[in-house]
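This report refers to the structure that appears directly beneath it.
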Amino acid sequence: MTTMIEFTEGHYEAQRTSYGEAYVWCPECVVVGCECGESATLTASKTVCSCGADHAALVRGVLDSRQVSDGISHPWDAEYDEWRKKQDEYLVSEETYRLELSRLG
């Protein structure tokens, strides 16, 4: 009998590279215990165990029954917000810019 062992929601993982960090999407997955005795990590696009057994119905049932997260946060959101606040400090309205230019000339 095939059983579900674990479910993992989709998420981002940060990977260090020579030029910084790269964010990689990891889709939601289901770990199932197959009748052959193996544990297989399956996704919506990979539903077949190494023994050849297709667990599409089980995987689809588990994934469909889970609530879809509306607010999956992106790891770079906090970094962007911090950068944006710094940019706002330096932004000047167009009218203020014109006034400053008129004072120079």
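The values are calculated or read from the model by the stated rules, or taken from the named source; none is laboratory data. Just so you know, these numbers come straight off a predicted model, no measurement behind them. Here the Cβ positions follow ideal geometry from the backbone for every residue, glycine too, while neighbour counts run over all protein chains shown.
For this structure, a couple of remarks:
- Residue in segment 82-91 that is surrounded by 12 or more Cβ atoms within 10 Å (Cβ to Cβ), under 28 Å from the mean Cα position of the chain (by Cα) and of a type outside the set (Phe, Trp, Tyr) present: no
- Residue match in segment 12-30 (condition: under 30 Å from residue 1 (Cβ atoms), in contact with a strand residue (DSSP E or B) (Cβ under 7 Å, 6 or more places away or on another chain) and aliphatic (A, V, I, L, M)): yes
- Pairs with Cβ under 9 Å, 6+ apart, first in segment 45-63 and surrounded by 17 or more Cβ atoms within 10 Å (Cβ to Cβ), second among the aromatic types (Phe, Trp, Tyr): 62/7; 63/7
- Residue within segment 34-41 that is charged (D, E, K, R), out of contact with any Gly (no Cβ under 8 Å at 6 or more places or on another chain) and either within 30 Å of residue 2 (Cα to Cα) or at pLDDT 85 or above (or both) present: yes
- Of the residues making up segment 7-31, those that are closer than 21 Å to residue 76 by Cβ, more than 15 Å from the chain's Cα centre (by Cα) and assigned to a strand (DSSP E or B) are 16, 17, 20.
- Residues satisfying the stated conditions in segment 1-20, i.e. free of Cβ contacts under 8 Å to residues at least 24 places away in the same chain and either surrounded by 11 or more Cβ atoms within 10 Å (Cβ to Cβ) or among the charged types (D, E, K, R) (or both): 8, 13, 16
- Flag for residue 82 being modelled with pLDDT under 85 and among the charged types (D, E, K, R): no
- Scanning segment 25-44 for residues that are out of contact with any Cys (no Cβ under 6 Å at 6 or more places or on another chain), surrounded by fewer than 17 Cβ atoms within 10 Å (Cβ to Cβ) and of a type in the set (A, V, I, L, M, F, W, C) turns up 25, 26, 31, 44.
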